Structures are given as C-alpha cells and as structure tokens.
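A short reminder: the numbers here are calculations on the coordinates, not readings from a lab. Computed from a prediction, not measured in an experiment: that's the story for all the values here. Heads up, the Cβs are rebuilt from the backbone with ideal geometry, glycines too, and the neighbour counts pull from every protein chain shown.
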Amino acid sequence: MNQFSPQEFHTVRGYELKKQNESRLTPALEDYLEMTYRLCMEESCTRINRLSERLHVRPSSASKMVSKLVQLGYLKYDSLENILLTDEGRITGDYLLERHNTLERFFIMLRSPCPLEEAELVEHMVGDLTVLEIKVLMEFFAQNPDVEKRFKSFRGMAVFPEE
C-alpha cells in the first residue's frame, strides 16, 4: 500500500497561502486585474466607478485594490485619474482572462449548471499547467468531432443522481 507523508497534505487555506507566496497577486487582486483588463479592452482605460459596478463592490473597495495593483506595477493612473494597464498588467490580465475563458468553456462542455460561477470559484486554485492541459483537451475535442460525439454519447449513458 502506498503511504503518503503528512507534509504532502494541506488544508485548502494552506494551499491558498502556498500559492499566494509563489505569486504577488491574491485571488481578489487577480479578479480586479482581470476585470480591469476586460474593461480596458472595451475602451483604452477605465474608472473606479465602472470597475466597482462590474464587480459589484463599493467604490472605496475598488479604489483600495486598484491602489495595490498600482503599487505592484500592474496599473497606473493618467492625469485625469483614468486607470490604465502597464505592460505587465496587460500581459497578466490577458493570461487571467484566457484562464477564466478556458475554465468557463470547460465547465460548459461538462454541462455545468453555473459555468461562470464555477470558473470564478476554481480559477485561482488551478495551476498554470493544468489550465494548459484543459485548453489542450478542449482543442483536441474541437479537432476531433468524432471523439467529442463519442464522449457525449458515453455521457448520455451515464447514470446521474436525481437532482
């Protein structure tokens, strides 16, 4: 029987802290940067009020988080108090949005009843290589419709508990 040493296991919070130590961004900061990136893709910049509306938070909360992202070098303000992405913010924001979209499409493929919510909940916990593998899997299905059809047929035969 395979024995696992206790130091290989952590609580969810332990894994969160471990990942946070490896990255400068907390899950909350990632959410703010991703939304800022989305808004800056629509227009060249955004404002605190727009960001707070889209994230359903108070402007004061959005302002604090934007200040942290400015300090970390992901965002900057112009002379009119518009929020702009730095080069690092643009690169990281692009990755965060791609990660989100990949996971949301994956949950849609799995017929999740709430793919947006599930993607939002897990995107901060899934490692970069896992996201890449999910993306490869999704592309494999896209390039092999016969395999995707067989998967859907197999799934149709599976017995799911009544909801």
Take the eigenvalues of the Cα gyration tensor for segment 72-143, scale each by 5, and report the square roots as semi-axes in whole Å, largest first. 30, 14, 10
Packing-based exposure ordering (other Cβ within 10 Å, fewest first) of 30, 53, 118: 53, 118, 30
Straight-line reach from residue 135: which aspartates and glutamates fall under 14 Å, measuring Cα to Cα and dropping same-chain residues less than 8 apart? 98, 104, 123
FRET efficiency for residue 26 and residue 138, Cβ-Cβ distance as r, R0 = 30 Å, nearest 0.05? 0.65
Quick one: give the max-minus-min coordinate of the C-alpha atoms of segment 29-163 along each principal axis, largest first, in Å. 60, 32, 24
What ranking of 152, 135 emerges when the number of other C-beta atoms within 10 Å of each C-beta is taken as an exposure proxy, fewest first? 152, 135
Just want the answer: with Cβ charges of +1 for Lys and Arg and -1 for Asp and Glu, which residue in 55, 106, 151 is farthest toward the dipole's positive end in segment 16-163? 55
Please find the FRET efficiency linking residue 86 to residue 151, where r is the Cβ-Cβ separation and R0 is fixed at 41 Å, and quote it to the nearest 0.05. 0.45
Relative contact order (%) - segment 90-163, alpha-carbon pairs under 8 angstrom, separation at least six: 25 percent
Would you work out the charge dipole size for segment 69-130 about its Cα centre, treating the Cβ of every Lys and Arg as +1 and the Cβ of every Asp and Glu as -1, and quote it to the nearest 20 debye? 140 debye
What length, rounded to one decimal in nm, is gained on full extension from residue 128 through to residue 72, with 0.36 nm per residue of separation minus their alpha-carbon distance? 18.1 nm
